[in-house]
Each structure stands twice: as structure tokens, then as C-alpha cells.
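The values are calculated or read from the model by the stated rules, or taken from the named source; none is laboratory data. Just so it is clear, the structure is predicted and the values come from calculations on it, not from any experiment. As a convention, Cβ positions derive from the backbone with ideal geometry for all residues, glycine included, and neighbour counts pool all protein chains shown.
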Number of protein chains: 2
Amino acid sequence: MDKKSKSLSKNQKIVLDFIQKNKKPVKAYSILSNVQKKGINAPPQVYRALDKLIKIGKIHRVESQNSFVACKISNCDTPHKTVFSICNSCEIVSEINDPKLFKNLKDFRDKDGTVFDGYNLEFFGTCKSCKNKQIENTKH
Amino acid sequence: MDKKSKSLSKNQKIVLDFIQKNKKPVKAYSILSNVQKKGINAPPQVYRALDKLIKIGKIHRVESQNSFVACKISNCDTPHKTVFSICNSCEIVSEINDPKLFKNLKDFRDKDGTVFDGYNLEFFGTCKSCKNKQIENTKH
DNA sequence: TAAAAATTTGTTATATTATAACATTATACT
DNA sequence: AGTATAATGTTATAATATAACAAATTTTTA
């Protein structure tokens, strides 16, 4: 167990654990209803844990979905350096790990020369599996 | 007047007009309260107009803020091909028009080779004007 | 180790953002 | 003109998120 997960509080661990169990992003109130048996009773307890987990980079917020997903990139210890692909059809979200793209984004400055602390990039499309299903359906 | 703005309905025009008057992004309920004198009474009327305006590319949704901003790029007639810079301090949002970056994003495919229909990229940082203010403050 | 500081917790209430559902009216199409 | 499509108006409610405050816990540091 590394420093960061050791330093997590009880509620933070419960929430992180639930998010990590799901491969799809989860919603705050879905987290709440799923962890009530563990003693978390109210929205603020969930949102506080989420805020902290985002801050330390253990999870990310999928902005276009109001949902939360575990970080899949081991060295991703900061918020707001995120790239996702999102399927329009099944809404599955994958975190993209593409060093060349990362470098492009990190080095980007606007026309004033402003440097940015972070970014969030969401790609939208149809994932492979949904594309296949669509092809299946047109066969009939 | 081009085809698209001609084809806008009464409510769509009212909502678009209000958004275009503001250089900062505006929130749905702020739109509502500001257009009530024009006969728009309830949230669904605003949200419907917003949905349509987004679909035709006249406005964009700033995902991390739940806010809406007029498109500043004349040929931007589709949703989900957006790049913004957002100031962490004053929350002002600028739409970035950088052909090289656009090409990079348009041509991106993931490791499965999947092509994407669209993207939304938000850069976070401190804008020039806020940076200057901070420097002013440290002088004292 | 005791006091101070910082963080986390538990709780109630409420603010903010967004949509469902349904009847009606207006507009565009052929 | 008749049909299809889009937009409107309305009420109610769902979904997402935070404010505020008292108490307990953990960490720091003197």
C-alpha cells in the first residue's frame, strides 16, 4: 500500500473502493446508495470524499456525464490532466494514455503565450463493440 | 441573415441573443431570470432552446461549469469540436481557434484505431489579467 | 505528551441544474 | 389541404451539489 492510499480516511476508502470496482463511471448518488450499508448516510459525505480523491488524482470527474471514474494511469497523481474517450452509445469511458498527445497538450499555449496548469479532453464516438452491434443490426 | 439564424424560433432567438450579449458564459437559470420579461416562463423553455442552439453550433456548453457560451468561431457549425481556456480565478472562458491543434484532435485515433466524431477540450489556468492582479498584490 | 491546528465526520436543510409528461399551437412539406 | 415535424406553455419532479454547524479524529509541533 503506497503513501497515498494509506493516508485515505475511512469514507474516502469506501468511496474509492466502490468506484474502482466499476469499469463504467459512477454517479454520486449511485455511490451513495451503494455505500449506505457501510455507514455513509448523506450526500456531503460522498461529495467530500470525491473532492479529496479528485484532488489527489485517484479518480477523475467525467465532466460531460457528471460521473466519476477511477484513474487507470498509475502515475496520474494530479487532477486536470485527463483524456477520455466516451462512447455515444453505451457511454463507456476509457482513459486514454497517449504520451504524444499528452506532450502536445502540456506544451500548448494560447496566442497570448499563456501556459496552462491542466486540461480535460473528452473524445466522443462509437466504441468498437457498439459499432459491431450496429453492423449486426443492419444485416436483418 | 444566414439560413440558420433565420430558422431560429422565437424562444431560440431570445436565448441566443442573451447569451451573445455576455462575454462570460451564462447559467441556464440566469438566462431564465433574464428573459422572463420576454415571455419565457419555465426551465424547459430555456433548456429546449439551449439544446437546439448547441445542436446547430451557435452556442457551446462549458462542461466543467454547467454554463453556456456563444460560439466565437464563424464556421463552427457543429457541436463537440470545441477547445476552451478557462481561468481558474475569474472563470472567464475563451474559445481557442488553433488550426494546428484542431487538426491534431480531428486526426486522433485511439490504440484500437477508433476515429472520433467530436471532442471537447478545456484548458485550465490563470488568465493574463488575473496573473497581473496577483503580481500587484504581492507587491504590498 | 499536551495543546493547537488541521482534517474528517455526521447531520439537516436547501440550492442548483435538468428532465418527464402532456396538451396545444405553429411551421414546413408535398 | 392534409400530414408530419418542430416548437410552445405548463406543472411537477428528478438529479446533482453545497451551506452551515457541531462533534470527533488525526496530525503537527512546541
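Quick notes
- Matching residues, segment B:100-136, being charged (D, E, K, R), within 7 Å of chain A (Cβ to nearest Cβ) and in a loop (DSSP other than H, G, I, E, B): B:Asp110, B:Asp112, B:Asp117
- Qualifying residue in segment B:61-72 (condition: more than 10 Å from the chain's Cα centre (by Cα), farther than 19 Å from A:Val62 by Cα and outside any strand (DSSP E or B)): no
- Sub-6 Å Cβ pairs linking a first residue in segment B:42-60 that is charged (D, E, K, R) to a second residue that is within 9 Å of DNA strand D (Cβ to nearest atom) and in a helix (DSSP H, G or I), at least 6 apart or interchain, are B:Lys52/B:Gln12, ordered by first then second residue.
- Qualifying positions in segment A:25-65 - within 13 Å of DNA strand D (Cβ to nearest atom), modelled with pLDDT of 95 or more and of a type in the set (D, E, K, R): A:Lys27, A:Arg48, A:Asp51, A:Lys52, A:Arg61, A:Glu63
This table checks each residue for (1) buried (at least 18 other Cβ atoms within 10 Å of the Cβ); (2) aromatic (Phe, Trp, Tyr); (3) within 13 Å of DNA strand C (Cβ to nearest atom).
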| residue | (1), (2), (3) |
| --- | --- |
| B:Ser30 | no, no, yes |
| B:Val35 | yes, no, no |
| B:Asn41 | no, no, yes |
| B:Arg48 | no, no, yes |
| B:Ile54 | no, no, yes |
| B:Gly57 | yes, no, no |
| B:Ser67 | yes, no, yes |
| B:Ala70 | yes, no, no |
